[in-house]
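Structure, as structure tokens:
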Ligand code: CP
């Protein structure tokens, strides 16, 4: 199977075969990061622009490291320090970037849909590294990769997702992705953080955290996204932790070999207790490790152009 998409903008537009191809390619890439010399010539001569207009640690660094491991040249541009700070529009900025002939633009933007606007206007590939509350496809793909690696499958698993569903692009992309790959996805949050109609994406809304985590194979906790909340959506962090946080007691209701995930950054003691985040079953840092391999796979598939990775 060949990957024919120019852009990676969301999970919705990927079919299960394409998702499997991405995950298989990422597993092939993983070994490169274990070598003494963590570099292959696969994308030598390719240019990748990292265009992040929101803060990021994991996504930005892993896209940058992934480019370097494949020998691509990567350059970063942010709003501060660029001419966007002088009022240049997003589209004018990317048309100027395109004139310098990059092969891939990786972009993060506070507005939902920004990556689509850019992808329509440039010939190079665009990878959405997070647009507003809408989509974070590379995060969902690395999460699916991590679960498939740990559990050997996605089909038939119970995934419990708890937290700020309303403001989470990670939640939307993961609900769509995991349900597409055959998992049963259950979500739980305060009423103020559950968008109406979320079930249409492929999940069931649980009325209590206890119901949500009962017999779960995977629990994914989501960050409270204060930067996207214009209203007060819950009384205090202490009450949120008490009613919706993942602690050892709630964890004991889950399946015996339950896997704990969080996309990061974590609010320790709010959505997740430290002893759970750092304890048995947590694969939060494994998610970060897999993020590099997954992003290497995305570059390879959109800019390298072959089904089987030439990773020699
Ligand atoms: N998971 C995630 O997107 O983390 P960053 O915001 O640090 O990139």
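The values are calculated or read from the model by the stated rules, or taken from the named source; none is laboratory data. In this text, all values refer to a predicted model and were calculated from it rather than measured experimentally. Cβ coordinates were reconstructed from backbone atoms using ideal geometry, including for glycine residues, and neighbour counts include every protein chain displayed.
Key figures for this structure:
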{"read-out": "Of residues in the stretch 54-75 being over 19 Å from residue 300 (Cα atoms) and modelled with pLDDT of 95 or more, the one surrounded by the fewest Cβ atoms within 10 Å (Cβ to Cβ)", "value": "57"}
{"read-out": "Residue list for the stretch 271-288, filter: crowded, with 16+ Cβ neighbours inside 10 Å and either within 16 Å of the ligand (Cβ to nearest atom) or assigned to a helix (DSSP H, G or I) (or both)", "value": "271, 272, 276, 277, 282, 283, 284, 286, 287, 288"}
{"read-out": "Number of the condition not met by residue 28 [criteria: (1) surrounded by 12 or more Cβ atoms within 10 Å (Cβ to Cβ); (2) within 28 Å of residue 121 (Cβ to Cβ)]", "value": "(2)"}
{"read-out": "Qualifying positions in the stretch 251-270 - buried (at least 22 other Cβ atoms within 10 Å of the Cβ) and more than 22 Å from the chain's Cα centre (by Cα)", "value": "254"}
{"read-out": "Considering residues of the stretch 249-270 that are touching a helix residue (DSSP H, G or I) at 6+ places or on another chain (Cβ under 7 Å) and within 14 Å of the ligand (Cβ to nearest atom) only, the residue farthest from residue 56 (Cα to Cα)", "value": "261"}
{"read-out": "Residue 65 vs. criteria assigned to a helix (DSSP H, G or I), touching a helix residue (DSSP H, G or I) at 6+ places or on another chain (Cβ under 9 Å) and either away from the ligand (no atom under 16 Å from the Cβ) or in the same structural domain as residue 144 (by TED's automatic domain parsing) (or both)", "value": "no"}
{"read-out": "Among residues of the stretch 104-146, those that are surrounded by fewer than 24 Cβ atoms within 10 Å (Cβ to Cβ) and in a loop (DSSP other than H, G, I, E, B), counted", "value": "10"}
